[in-house]
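Structure first, commentary second.
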Amino acid sequence: MSILIDESTRVMIQGLGRDGSFHAEQMKNYGTNIVAGVHPGKGGSSIHGFPVFNTASRAARETGAECTVIFVPAPFAADAILAGANAGVGLVVAVTEGIPVLDMSKIVRELKELGTCLAGPNCPGLISPDKSKVGIMPGGIFKKGPVGVISRSGTLTYEVVNQLSCAGYGQSTAIGMGGDPVVGMKYNDYLELFEEDGETELVVIVGEIGGTDEQDAADFVKERISKPVVGYVVGRSAPPGKRMGHAGAIISGTDSTVEAKVAFLREKGIPVADTVEQIVDLVGDGLGGRN
Amino acid sequence: MKLEEFQAKILFREYGIPVPDGTMVNTSEEARSAAEEIGCPVVIKAQVQAGGRGKAGGVKLAKTPAEAYMAANAILGMDIKGFIVERLLVDPAVSIAGEYYVGITFDRRKKMPVMMASASGGVDIEKVAAETPEQIFFGEINPERGLRSFEAKQLAFQLFADKKKALATASVMMKLWDCFHGVDASLVEINPLAELEDGSIIALDAKIVLDDNAMFKHPIMEEMRLPTTSEQKELDARSHGLSYVQLDGNIGCMVNGAGLALATMDLIKHLGGTPANFLDIGGSSSPQKVIHAMELLVSDSNVKAVFINVFGGITRCDDVANGLVAALQEIKTDIPLVIRLAGTNEEEGIRILSDFGITALKDMTEGAREAIRLAGEGGDS
């Protein structure tokens, strides 16, 4: 098993510009079950062997897509997310970076009412190794196994996963939840799914400065999660008030510093790594030497 | 993007929020004329994007135009938390009966905007939140419906028992929401929202932070950007697709991806070094981008060594290596470089660099150690 996506998940892709087409091909090569593309004006054509539609609603209706991934440029991405969700898919993965926060705050409410799950925006997507990848993660570094990974970032996820894979610790599903102040699903939503997943034996949460999501996750782990969890939080050198790349990575109060987050996680009994190398050691400890 | 007070007050005025009828000036002479025109006493306020201006001496009362001239002279050029004062706001002085706080920002946990109101205005609101959180009242705002009149009144009556003042405050709150929503802000704040001796309500200070993601909707706001020297560097970087923040260490960092950049800086610190900057070159690896990034790093005179840490995902290591070779042929520098390449096509990337006479490492920790060692040597010579 794995969470949210597997080899049977029917995926459509919204936005087949340069990035969208490139990653469509990458996903298809990885084994993702892509059933449709959506691009206004390209309806009726086909790309990489799957049909393209003008609208998300038609694409979902004709192909039975259950999941959509958004590559639409920022000014049009908010509307594309709503189009995907209203087309009836169960999971929207928004890769697009730069969607206004106010628009996102409206969208998450509507998606909640529709009962649609949202990953992102501004995220690398998710991958269940050897089954399916929905997003832009480099498939080659992932390895099938018992570790769930939830991260706020992209390349740092790759660094963590690569070191885990090299040490022999494969992953059940790895998720980049997105670097914006308002995102769809957060640590707790994914943790709940990992808790129920038969394949996942341990979860790594990779956090960063800004907000208090890591503290919320720590509380949730203490109350609800029986599986071992390992933490890692970056941004010790970040000055207050400065946006460090991600729109959500701004120190805006004492709670949002690395020190506060690490202390809180440890207080709730979650071992926290200081470096990526230490994550591998802590995962080894958590799995009791199995891999 | 943070606005200065005088800019925020211009927007407040457009949305009908009462503000003092002041003037922005650039020189002491202009401050004197403004004081004459407005009528004394006036308040001279440093325009910088930092809090605590009053404590730093950046706000002065002037009873005559001559005093306004002297106050302006004293404040212009002042360094307030690293910001040099280049502009002043001259506001008419008012008789204050009470100071309150009203603001709107995003509650990341609830994923919606929230209005905050407190009778403890005029002081640092984060201090109030930390020490006496019961003095701050919160009202969630449904972003689709907006702030409704009854919701504003509920909050306003927490601050005032008097109906006239409560209704005036509720009206300011509604307009503040219109402003937040209208300009796509991530924060709007009035601190203090003052009650004057005649019972009227007025915004004596104004703070607006615009959502950078929403600037495409409001191109006109871009004209309000008044970058400081260090920000100018960050803006130039952004125009080349780079995300850059200068710090005060001596190891220049160039990394692909924000999270990995933060992890790289942390690792340097963990091993006893000090990062000179945050620099995310993003996913693309065009030689031009790498050249700009190198230029940025070597222009910082504190930098004694450069650590380039790339994890090739979608970005291919051979592309990055080609970019680096092009950059190093164009930029001649004596600053020692440490390059770590891992991920997609790492063997090919390492070979390209090796042909150019550069040894690339595969391990991030090893790379950080080497950069710290080289920076230490540079410091001794």
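Every number here is computed from the coordinates shown, using simple stated rules; none is lab data. Note that the coordinates shown come from a computational prediction; the quantities given were computed from them, not determined experimentally. Backbone-built Cβ (ideal geometry, glycine too); neighbour counts: all protein chains shown.
Remark: relative contact order (the stretch B:229-380) = 24 percent; criterion is Cα-Cα distance under 8 angstrom and separation of 6 or more residues. When B:264, A:55 are sorted by how many other C-beta atoms sit within 10 angstrom of their C-beta, beginning with the fewest, the order is A:55, B:264. Between residue A:267 and residue B:216, the simple label model (points 7 Å from Cα in the Cβ direction) yields a spacing of 4.1 nm.
The charge dipole of chain A, taken about the Cα centre with unit charges on the Cβ atoms of Lys, Arg (+1) and Asp, Glu (-1), comes to about 640 debye, rounded to the nearest 20. Ellipticity at 222 nm from helices only: DSSP H runs of n ≥ 4 in chain A, each -39500 (n - 2.57), divided by the residue count, give -11000 deg cm²/dmol. Here the residues A:81, B:202, ranked from fewest to most Cβ neighbours within 10 Å of their Cβ, fall in the order B:202, A:81. Rounded to a whole number of µm²/s, how large is the Stokes-Einstein D of chain B at 37 °C and 0.692 mPa s, given Rh as the Kirkwood radius over C-alpha pairs? Result for D is 138 µm²/s. Residues whose amide H comes within less than 5 Å of that of residue A:13, counting only those at least five positions distant or on another chain, are A:36, A:37, A:38, A:69 (H built at 1.01 Å from N in the peptide plane). Phi angles of the stretch B:173-184 translate, via the Karplus equation with coefficients 6.51, -1.76, 1.60 and θ = phi - 60°, into HN-Hα couplings of 4, 4, 5, 5, 4, 4, 5, 3, 6, x, 9, 6 Hz per residue; Gly and Pro are given as x.
Express the relative contact order of the stretch B:96-223 as a whole percentage, based on alpha carbon pairs under 8 Å and six or more residues apart in sequence. List each step's numbers first, then the result.
Values: 222 pairs, mean separation 35.8, N = 128.
Computed value for the stretch B:96-223: 28 percent relative contact order.
Near residue A:247, no amide H atom lies under 5 Å from its own; only residues 5 or more places off or on other chains count, and H is placed 1.01 Å from N. Only beta bridges with both residues in chain A are counted; by DSSP, about 20 percent of them are antiparallel.
A dipole drawn for the protein assembly as shown from +1 and -1 charges on Cβ atoms has a positive end, and of A:125, A:93, B:213 the residue lying farthest that way is A:93.
Taking amide H as placed 1.01 Å from N in the peptide plane, residue B:140 has its amide H under 5 Å from the amide H of B:115, each at least 5 places away in sequence or on another chain. Given +1 at the Cβ of Lys and Arg, -1 at the Cβ of Asp and Glu and no other charges, the dipole of the protein assembly as shown around its Cα centre is 820 debye to the nearest 20. Round to a whole angstrom and tell me the spacing of the C-alpha centers of the stretch B:282-331 and the stretch A:134-183. The stretch B:282-331 and the stretch A:134-183 have Cα centres separated by 25 Å.
Cross-link candidates for residue B:332: which lysines have Cα within less than 23 Å, leaving aside residues fewer than 8 places away along the same chain? Qualifying lysines at Cα under 23 Å: B:233, B:289, B:304. Antiparallel beta bridges, as assigned by DSSP with both residues in the protein assembly as shown, represent about 50 percent of the total such bridges. Against chain B, whose longest principal axis comes from its Cα atoms, helix B:364-380 is set at around 80 degrees. With the charge dipole of the stretch A:11-119 set up from +1 on Lys and Arg Cβ and -1 on Asp and Glu Cβ about the Cα centre, the Cα lying farthest toward the positive end among the listed residues A:24, A:43, A:81 is that of A:43. Return the subset of A:261/B:362; B:9/B:127; A:131/B:269; A:186/B:45 for which the Cα-Cα distance in this structure is over 32 Å, preserving the input order. Where the Cα-Cα span goes over 32 Å, the pairs concerned are A:131/B:269; A:186/B:45.
Excluding residue B:219 itself, what net charge comes from residues whose Cβ is under 15 Å from its Cβ, given Lys and Arg +1 and Asp and Glu -1? Intermediate values should be presented prior to the final figure.
Details: positive: B:217, B:225; negative: B:184, B:211, B:212, B:222, B:223.
Here the count lands on -3.
Once a ≥ b ≥ c are taken as the square roots of the eigenvalues of the Cα gyration tensor of the stretch B:229-380, is the result rounded (a/c under 1.5), prolate (a/b larger than b/c) or oblate (a/b not larger than b/c)?
Details: a/c = 1.37, a/b = 1.13, b/c = 1.21.
Rounded shape, in that the Cα axes give a/c under 1.5.
Rounded to the nearest whole Hz, the Karplus-based 3J(HN,Hα) values (6.51 cos²θ - 1.76 cosθ + 1.60, θ = phi - 60°) of the stretch A:143-160 follow the sequence 9, 5, x, x, 9, x, 10, 10, 9, 8, 10, x, 4, 5, 4, 5, 4, 5, with x at glycine and proline. The stretch A:63-115 and the stretch B:87-156 have Cα centres separated by 31 Å. Take every Cα pair under 8 Å whose residues are at least 6 apart in sequence, average their separation, divide by the length of the stretch B:315-358, and the relative contact order is 64 percent.
Adding -39500 (n - 2.57) for every DSSP H run of four residues or longer, then dividing by how many residues chain B holds, sets the calculated 222 nm ellipticity at -12000 deg cm²/dmol.
Quick one: Kirkwood hydrodynamic radius for the protein assembly as shown, alpha-carbon pairs, angstrom, one decimal? Before the final figure, lay out each step's value.
On the way: mean 1/r = 0.0375 Å⁻¹.
Result for the protein assembly as shown, one decimal place: 26.7 Å.
Charges were assigned to the Cβ only: +1 to each Lys and Arg, -1 to each Asp and Glu. The resulting dipole of the stretch A:138-286 about its Cα centre is roughly 380 debye. Straight-line cross-link reach from residue A:133 at under 13 Å between alpha-carbon atoms covers these aspartates and glutamates, not counting any fewer than eight positions away in the same chain: A:6, A:7, A:25. Annotation: extensible slack from residue B:96 through residue B:126 equals 8.5 nm (criterion: 0.36 nm per residue apart, minus Cα-Cα distance).
Summarise the partner chain shielding of A:243-251 as one whole number: the mean count of Cβ atoms from other chains within 10 Å of each residue's Cβ.
The mean count of partner-chain Cβ atoms within 10 Å per residue comes to 6.
Is the shape of the stretch A:138-286 rounded, prolate or oblate, going by the alpha carbon gyration tensor and its root eigenvalues a ≥ b ≥ c, with a/c under 1.5 for rounded and a/b larger than b/c for prolate? The shape class here is prolate.
Computed from backbone phi, the HN-Hα couplings of the stretch A:96-109 come to 3, 9, x, 7, x, 5, 4, 4, 5, 5, 6, 5, 4, 5 Hz, rounded to whole numbers (Karplus: 6.51 cos²θ - 1.76 cosθ + 1.60, θ = phi - 60°; Gly and Pro given as x). Projecting the Cα atoms of B:310, B:328, B:89 onto the charge dipole of chain B (Cβ charges, centred on the Cα centre) puts B:89 farthest toward the positive pole.
Of all DSSP beta bridges confined to the stretch A:138-286, the antiparallel ones make up roughly 0%. Once you sort the root eigenvalues of the Cα gyration tensor of the stretch B:96-223 as a ≥ b ≥ c, which label holds: rounded (a/c under 1.5), prolate (a/b larger than b/c) or oblate (the other case)? The shape class here is prolate. Ordering B:95, A:256 from the fewest to the most neighbouring beta carbons within 10 Å gives B:95, A:256.
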